[in-house]
Amino acid sequence: MRAMQESPPYLSIVVPAYNEEARLPESLAQIVAYLQGRPFDWEVLVADDGSNDRTAAIVQQCSSSEGRVRLLSGPHLGKGGAVRRGMLAARGRYRFLADADLSMPIEQVERFLPPRLDDCDVAIASREAPGARRLGEPRRRHAVGRAFNLLVQLAALPGVRDSQCGFKLFTAAAAQALFPLQRLQGWGFDVEVLYLARLQGRRLVEVPIDWRYRKESKVRLFPDALRILGELLLIRWNHLRGRYRPRPTPPV
C-alpha cells in the first residue's frame with residue numbers, strides 16, 4: 001500500500017538570493033514571523049544563485065529552527081535562473097516571488113491572495129497602479145524607471161504599468177506552464193515570463209503596493225536597463241522562432 005503523499009502547502013514564497021548575507025537574516029525573520037501567524041500551510045524556498053558568502057549558511061541555520069524554510073542551491077546563472085529553479089521546486093497552490101531586500105512589506109502578500117484577490121493567473125506587484133505608494137525613491141531614478149517601462153510596454157507588454165517590481169504571485173498551474181518555457185537567466189526574465197503569460201491567454205492583474213526604495217539595491221540603473229533592452233529584442237526573436245510553444249506531453 002502506498003504511503004499517503006503530504007498535501008501541498010497553500011502558499012510558497014520563493015526568494016532568489018545572490019550574496020545576500022547582509023540582508024537575508026532580517027528578511028527571512030520577517031517572512032517567517034508573518035507566516036507563522038497565518039492559518040494556512042506554507043513554505044519558504046531560498047534559491048541560492050551560487051553565492052560565495054554566507055547566504056547558504058544563513059538559510060540552513062533558519063531551516064534548523066523552522067523546517068518549512070528550505071535552501072535550493074545551484075550554480076550562478078543570474079536572477080532569472082534562480083527564480084525559475086525556485087518556482088519549479090515550489091509545491092504551493094500559490095507561489096509568491098519576493099526580493100531578498102523585502103522592499104514591499106511582507107504582510108501585503110495578503111493583497112495577492114483570496115479573498116482579497118481571486119480569478120487571476122498572475123498577480124504583479126505594482127508601484128504605479130492606483131493606490132500604490134513609492135517611499136524614499138529619488139525623483140531621477142523614478143523618471144528613468146518610467147521611461148524604461150514605456151519601452152517595455154511598447155516592445156512586449158502593452159498596458160502593464162510596472163513589470164519590473166520584484167514581487168509577483170503565480171498560481172501553481174501558471175507557474176508549471178510558464179517557467180519551463182523561460183529562457184532568459186538575467187534581469188529580463190520578468191518581462192519574458194509575463195510575455196509568455198500573455199501568449200498563453202492568462203489573466204494578469206496589477207496589485208498596488210507600498211514600496212520602499214533601498215539604497216543598497218543591486219540594480220545598476222543604466223547598465224541593467226541596457227541589458228534588459230537587449231533581452232527585449234531576444235524575447236521577440238524567440239517568439240518569431242517558435243521557441244515559446246508548449247513542449248509536447250509524452251504519451252503515457
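The values are calculated or read from the model by the stated rules, or taken from the named source; none is laboratory data. Here the structure is a predicted model, which means the values were calculated and not measured. Glycine gets a Cβ as well: all are built from the backbone with ideal geometry, and neighbour counts include every protein chain shown.
Selection over the range 33-55 of residues that are part of a helix (DSSP H, G or I) and farther than 15 Å from Leu97 by Cα gives a count of 3. Among the numbered conditions (1) in contact with a Ser or Thr (Cβ under 8 Å, 6 or more places away or on another chain); (2) buried (at least 20 other Cβ atoms within 10 Å of the Cβ); (3) aliphatic (A, V, I, L, M); (4) outside any helix (DSSP H, G or I), the only one that Leu169 does not meet is (1). Gly136 satisfies every condition listed in (1) touching a Lys or Arg at 6+ places or on another chain (Cβ under 8 Å); (2) closer than 20 Å to Leu229 by Cβ; (3) surrounded by fewer than 17 Cβ atoms within 10 Å (Cβ to Cβ); (4) not β-branched (Val, Ile, Thr) except (2).
Of everything in the range 172-209 that is out of contact with any Asp or Glu (no Cβ under 8 Å at 6 or more places or on another chain) and small (Gly, Ala, Ser), the residue that is surrounded by the most Cβ atoms within 10 Å (Cβ to Cβ) is Ala175. Among the residues here, Val152 does not qualify as within 30 Å of Arg133 (Cα to Cα), within 19 Å of the chain's Cα centre (by Cα), of a type outside the set (Asp, Glu) and modelled with pLDDT of 95 or more.
Return the total of residues in the range 81-121 being outside any loop (DSSP other than H, G, I, E, B) and crowded, with 21+ Cβ neighbours inside 10 Å.
Pass one, the range 81-121, residues outside any loop (DSSP other than H, G, I, E, B): 81-89, 94-97, 106-112.
Still in the list and also crowded, with 21+ Cβ neighbours inside 10 Å: 81-87, 94-97, 109, 112.
So the answer is 13.
Taking the range 69-80 as the range and being at negative phi, part of a loop (DSSP other than H, G, I, E, B) and either touching a residue at least 40 places away in the same chain (Cβ under 8 Å) or surrounded by 22 or more Cβ atoms within 10 Å (Cβ to Cβ) (or both) as the test, the residues that pass are His76, Leu77.
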